[in-house]
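Student: So that we are looking at the same thing, I have put the structure below in structure tokens.
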Amino acid sequence: MLKTKSEEQTNEGLGLVTFYDVREAFKTEKLLKKSGYAVKAVLPPPQFRNGCDTAVEFNIVERVGVERFLENNKVGYLDVISIDNFGIRPLELVKRTDFGDSIMIRAGMVKITVDKKTGTIVNISGGGCPDIPYLYIQLIDKKITEAPRPKEIGYTLCAYLLDRAFEEALEVYSAFKGEAHVEK
């Protein structure tokens, strides 16, 4: 299986795997990463949103291997597209907004805000899933290095997205404190 060397190949072209179901997109991203592919979940450009609003981006030179992987693992995907032919790029799933003393990380429609000096989670918002209030109660006012991971205590897409934002916030806080990021 051809595997991506590193980010040096990212300028060779992009492909997207689109999906019917968001959970399938995130599961596929995880499986492809585990198999050595350099992939990430992204928001596809509007003209490619036929199923869910999440796609998996990959290096187009690996299209044959990715398609074979999808078939061999019976992944329920919608389409595999070379987006370079259209001159467009997908949108980032995770975005940062710096407020000076705190930073807000958004993944999809779910947001987490962390005090950069103390690492305290000061707010969680967004999403429409039923476990967001529970996640809020479990995480608010806790130090991000000591709080439980949302993916460990939640059960919905919002919990997964909040975990993506949590991970990014943990990296920002660790970098601010000059510490190495440690996976929980």
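Student: Take segment 102-120 and flag every residue that is surrounded by fewer than 20 Cβ atoms within 10 Å (Cβ to Cβ), in contact with a Ser or Thr (Cβ under 7 Å, 6 or more places away or on another chain) and part of a loop (DSSP other than H, G, I, E, B).
Tutor: LYS116
Student: Exactly one condition in (1) in a loop (DSSP other than H, G, I, E, B); (2) in the same structural domain as PHE166 (by TED's automatic domain parsing) is false for VAL75; which is it?
Tutor: The single condition VAL75 does not satisfy is (2).
Student: Please enumerate the residues belonging to segment 143-165 that are of a type in the set (D, E, K, R) and over 12 Å from ILE124 (Cα atoms). Show your work before the answer.
Tutor: First, pick out the residues of segment 143-165 that are of a type in the set (D, E, K, R): 143, 146, 149, 151-152, 163-164.
Hits for segment 143-165 are LYS143, GLU146, ARG149, LYS151, GLU152, ARG164.
Student: Separate question: Output the number of the condition that ASP141 fails; it satisfies all remaining conditions of (1) more than 15 Å from the chain's Cα centre (by Cα); (2) crowded, with 17+ Cβ neighbours inside 10 Å.
Tutor: (2)
Student: Then there is this: Look through segment 87-101, keep the residues that are among the acidic types (Asp, Glu) and either in a strand (DSSP E or B) or in the same structural domain as PHE48 (by TED's automatic domain parsing) (or both), and return whichever of them is nearest to the chain's Cα centre (by Cα). Working first, answer last.
Tutor: First pass over segment 87-101, keeping only residues among the acidic types (Asp, Glu): 92, 98, 101.
Still in the list and also either in a strand (DSSP E or B) or in the same structural domain as PHE48 (by TED's automatic domain parsing) (or both): 92, 98.
Values: GLU92: 8, ASP98: 19 Å.
Restricting to residues being among the acidic types (Asp, Glu) and either in a strand (DSSP E or B) or in the same structural domain as PHE48 (by TED's automatic domain parsing) (or both), the top hit is GLU92.
Student: Any idea how many residues of segment 57-82 are aliphatic (A, V, I, L, M) and under 8 Å from GLY15 (Cα atoms)?
Tutor: Going residue by residue through segment 57-82, those that are aliphatic (A, V, I, L, M) are 60-61, 64, 66, 70, 75, 78, 80-81.
When the remaining residues are screened for being under 8 Å from GLY15 (Cα atoms), the result is 60, 80-81.
Here the count works out to 3.
So that you can scan it fast, the table gives a plain yes or no per residue for (1) over 16 Å from LEU91 (Cα atoms); (2) under 12 Å from the mean Cα position of the chain (by Cα); (3) in the same structural domain as GLU168 (by TED's automatic domain parsing):
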| residue | (1), (2), (3) |
| --- | --- |
| THR18 | no, no, no |
| ASP21 | yes, no, no |
| GLU24 | yes, no, no |
| LYS27 | yes, yes, no |
| LEU31 | yes, no, no |
| LYS34 | yes, no, no |
| GLN47 | no, no, no |
| VAL56 | no, yes, no |
| ILE60 | yes, no, no |
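Student: Also: Quick check: is even one residue across segment 154-169 of a type in the set (Gly, Ala, Ser) and at pLDDT below 90?
Tutor: Residues of segment 154-169 of a type in the set (Gly, Ala, Ser): 154, 159, 165, 169.
In the following step, the residues that additionally are at pLDDT below 90 were identified as 154, 159.
Within segment 154-169, one or more residues are of a type in the set (Gly, Ala, Ser) and at pLDDT below 90.
Student: Turning to a different aspect of this structure: Residues to consider are TYR134, TYR155, TYR173; find the one that is buried (at least 19 other Cβ atoms within 10 Å of the Cβ) and not assigned by TED's automatic domain parsing to the domain that holds ASP53. Explain how you work it out, then say what you get.
Tutor: On the way: TYR134 fails: buried (at least 19 other Cβ atoms within 10 Å of the Cβ); TYR155 fails: buried (at least 19 other Cβ atoms within 10 Å of the Cβ).
Testing whether each residue is buried (at least 19 other Cβ atoms within 10 Å of the Cβ) and not assigned by TED's automatic domain parsing to the domain that holds ASP53 leaves just TYR173.
Student: Condition (residue is farther than 28 Å from TYR20 by Cα, touching a Lys or Arg at 6+ places or on another chain (Cβ under 7 Å) and in contact (Cβ under 8 Å) with a residue 24 or more places away in the chain) applied to segment 56-77: is it met by at least one residue?
Tutor: Initial filter on segment 56-77 (farther than 28 Å from TYR20 by Cα): none.
No, the conditions are met nowhere in segment 56-77.
Student: Kindly establish whether ASP84 is closer than 24 Å to ARG49 by Cβ, over 17 Å from the mean Cα position of the chain (by Cα) and part of a helix (DSSP H, G or I).
Tutor: Details: closer than 24 Å to ARG49 by Cβ: yes; over 17 Å from the mean Cα position of the chain (by Cα): yes; part of a helix (DSSP H, G or I): yes.
Yes: the conditions hold for ASP84.
Student: Inspect segment 73-92 for any residue being within 30 Å of GLN138 (Cβ to Cβ) and of a type outside the set (Ser, Thr, Tyr) and give the result as yes or no.
Tutor: Within segment 73-92, the first condition is being within 30 Å of GLN138 (Cβ to Cβ), and the residues that meet it are 91-92.
Now narrow it down to the ones that are of a type outside the set (Ser, Thr, Tyr): 91-92.
Within segment 73-92 (the criterion being within 30 Å of GLN138 (Cβ to Cβ) and of a type outside the set (Ser, Thr, Tyr)), the answer is yes, since at least one residue qualifies.
The values are calculated or read from the model by the stated rules, or taken from the named source; none is laboratory data. Given the structure is predicted, the values throughout are model-derived calculations rather than measurements. Ideal geometry is used to build each Cβ from the backbone, glycine not excepted, and the neighbour counts take in all protein chains shown.
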